[in-house]
Amino acid sequence: MIIIGEKINGTRKHVKEAIAAKNADFIKDLALKQVKAGVDFLDVNAGTSPDREPSDMIWLINTIQEVTDATLCLDSANPEALKAGFSVVKKKPMLNSLSGEKIRVNGVLPLACEHQTELIVLTCDDDGIPTTVEKRLEILDRLIEKTRKGGLTDNKLHVDPLVGTISTSTESGNMAFDAMRQILKKYPDVHITGGLSNISFGLPARSIVNQAFAVLAIAAGMDSAIIDPENQELREILYAADVVLGKDRFCGRFTKAFRAGIIGKKK
């Protein structure tokens, strides 16, 4: 399971305050805690106004890179913020994200193709999130045609089928699993990603629902997830599900994580 740490995001109250105050210690601590929890990528989203976002993105990246060489996932719909990020990032990042929206096709896609990055792809467009799997696949078809023309191989793509909330539609989980299976049937080399906690929004005891969804999503083909890596119970479920489903060769990732204290040892 490829884990993308979600916590450095300016839409979160405390992160927003830290960016405004240029509280570097807060951001460094947030980055290091996620790295210690075993992330593969650190998502970096300034979430500020378009005129401020490029400079805030530069500040965040420089601040994070002072304490870790973890691979970053530059997260913005603003091409200028992403361009600013490329000017200071030390390792080739992932980009979050491309969708069928014109602003992202015209702004994000050229950057991903120019730098040959890994890329999160959302199955929505200017009309919003489709209500059927078929429509989401139609959007994905158009986007993969463009990424292939731009020289991006399918294995660089992390496709997000856009998980809905089960509290508003009891079929949200089944729709997500169906989408994952159909996407992989048509494009077997892509990764399947998504925000696991979306499924439980509005429910009590959300962690229980998230864990159940995670296991079933991995069985349906999900191999990448945007999560809070400090949620130890969810993180352990991800490692364990990979083992049980035969996705962790010789249980290597599981045992390595145990030895590192990432799983199996309570805080």
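Are any of the residues in segment 198-206 aromatic (Phe, Trp, Tyr) and not in a loop (DSSP other than H, G, I, E, B)? The answer is no; no qualifying residue exists.
Please enumerate the residues belonging to segment 39-55 that are over 15 Å from GLY10 (Cα atoms) and surrounded by 21 or more Cβ atoms within 10 Å (Cβ to Cβ). Answer for segment 39-55, where residues must be over 15 Å from GLY10 (Cα atoms) and surrounded by 21 or more Cβ atoms within 10 Å (Cβ to Cβ): VAL39, PHE41.
Against the test of being outside the structural domain of HIS158 (by TED's automatic domain parsing), at negative phi and modelled with pLDDT under 95, the options ALA20, ALA37, ALA24 yield a single qualifying residue, ALA37. In segment 61-98, of all residues being under 20 Å from ALA18 (Cβ atoms) and of a type in the set (D, E, K, R), the one that is farthest from the chain's Cα centre (by Cα) corresponds to GLU66. Between GLY252, GLY264, which is more than 24 Å from GLN182 (Cβ to Cβ), of a type in the set (Gly, Ala, Ser) and at pLDDT 95 or above? The unique qualifying residue is GLY252.
Filtering segment 109-143 to residues that are in a helix (DSSP H, G or I), in contact with a helix residue (DSSP H, G or I) (Cβ under 6 Å, 6 or more places away or on another chain) and β-branched (Val, Ile, Thr) leaves only VAL133.
Would you confirm whether any residue within segment 78-96 is at pLDDT 95 or above and in contact with a Lys or Arg (Cβ under 8 Å, 6 or more places away or on another chain)? Within segment 78-96, none of the residues are at pLDDT 95 or above and in contact with a Lys or Arg (Cβ under 8 Å, 6 or more places away or on another chain). Taking segment 5-98 and the strands (runs of 3 or more DSSP E) fully enclosed by it, the elements with 1 or more residues that are among the polar types (S, T, N, Q) and in contact (Cβ under 8 Å) with a residue 24 or more places away in the chain are at 41-45, 94-98.
Among the residues making up segment 211-231, those that are assigned to a helix (DSSP H, G or I), closer than 25 Å to ASN45 by Cβ and either outside the structural domain of ASN198 (by TED's automatic domain parsing) or of a type in the set (Gly, Ala, Ser) (or both) are ALA214, ALA217.
Number of residues in segment 15-38 that are of a type outside the set (Gly, Ala, Ser), over 19 Å from the mean Cα position of the chain (by Cα) and surrounded by 14 or more Cβ atoms within 10 Å (Cβ to Cβ): the value is 5.
Listed by first and then second residue, the pairs linking a residue in segment 244-260 that is in the same structural domain as MET222 (by TED's automatic domain parsing) to a residue that is of a type outside the set (Phe, Trp, Tyr) and surrounded by 14 or more Cβ atoms within 10 Å (Cβ to Cβ), with Cβ atoms under 6 Å apart and 6 or more places separating them unless they lie on different chains, form an empty list. Can you say whether GLU236 is touching a residue at least 60 places away in the same chain (Cβ under 8 Å) and of a type in the set (D, E, K, R), as far as the supplied structure shows? Judged against the criteria, GLU236 is not a match.
Residues that are among the hydroxyl-bearing types (Ser, Thr, Tyr) and either surrounded by 17 or more Cβ atoms within 10 Å (Cβ to Cβ) or touching a Lys or Arg at 6+ places or on another chain (Cβ under 7 Å) (or both) within segment 216-267 comprise SER224, TYR239, listed in sequence order.
The values are calculated or read from the model by the stated rules, or taken from the named source; none is laboratory data. These figures come from a predicted structure and were not determined experimentally. Don't worry about glycine lacking a Cβ; one is built from the backbone with ideal geometry, like all the others, and counts go over all protein chains shown.
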